Amino acid sequence: HFLNFMKSLIEYLRGAMNNHEVTVEESLVFVNKYRVSTKMRENQILALKFSHDRLQSLFRTLQIADLDTYNPLTTVSNFASLIGTYDSGFQVLCEPYDARTPHLRDP
């Protein structure tokens, strides 16, 4: 279940970063859009808060020693824990271009 949950989050993030305009959303708005797009119930969305802990537990259970390989997944789980824990206080910014190289996509 957890891996499917993370997969749905990663797919949603890919879609959000595929936008060609800069978007800024409150964390609660971002979570609600994710919930609606994935058709999750409100109680299922609470799993965001525990994403980091669940991933670390999975790594320990599988006895994975080389955690550097999984840095991108760890980053996503950290992000998920933040937006699941704090529904106010920060915004989610999706910026498809770097200001230094505006002609190259760099979400």
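The values are calculated or read from the model by the stated rules, or taken from the named source; none is laboratory data. The shown structure was predicted, so the numbers you read here are calculated from the model rather than taken from an experiment. In this analysis, Cβ positions are derived from the backbone assuming ideal geometry, glycine residues included, and neighbour counts consider all displayed protein chains. The accessibility values were calculated without ligands, DNA or RNA, using every heavy atom of the protein model including side chains. Shrake-Rupley method; radii C 1.70, N 1.55, O 1.52, S 1.80 Å.
Compute, for region 17-107, the length of the dipole vector about the Cα centre, with Cβ point charges of +1 (Lys, Arg) and -1 (Asp, Glu) only. Units Debye, rounded to 20.
Working: 9 positive and 11 negative charges, 78 e Å.
Around 380 debye, computed over region 17-107.
How much length is gained if the chain between LYS7 and VAL36 is pulled fully straight, taking 0.36 nm per residue apart and subtracting their Cα-Cα distance, in nm to one decimal? Let's see the in-between values first.
Values: separation 29, 0.36 × 29 = 10.44 nm, distance 1.59 nm.
Answer, rounded to one decimal: 8.9 nm.
Per residue of the chain, what 222 nm ellipticity follows from adding -39500 (n - 2.57) for every DSSP H run with n ≥ 4, rounded to the nearest 500?
Details: 5 runs with 59 residues, N = 107.
Here the helix-only value at 222 nm equals -17000 deg cm²/dmol.
Pop out the carbon and sulfur fraction of the accessible area of the chain as a percent, whole number, probe 1.4 Å.
Working: 4060 of 7380 Å².
Here it works out to 55 percent.
Using just the Cα positions, wrap the chain in a convex hull and report its mean projected area in square nanometres, one decimal place.
Values: hull surface 30.5 nm².
Averaging across all directions leaves 7.6 nm² for the Cα convex hull.
Just the accessible area per residue of the chain, please: how many Å² with a 1.4 Å probe? Intermediate values should be presented prior to the final figure.
Numbers: 7380 Å² over 107 residues.
On a per-residue basis, 69 Å².
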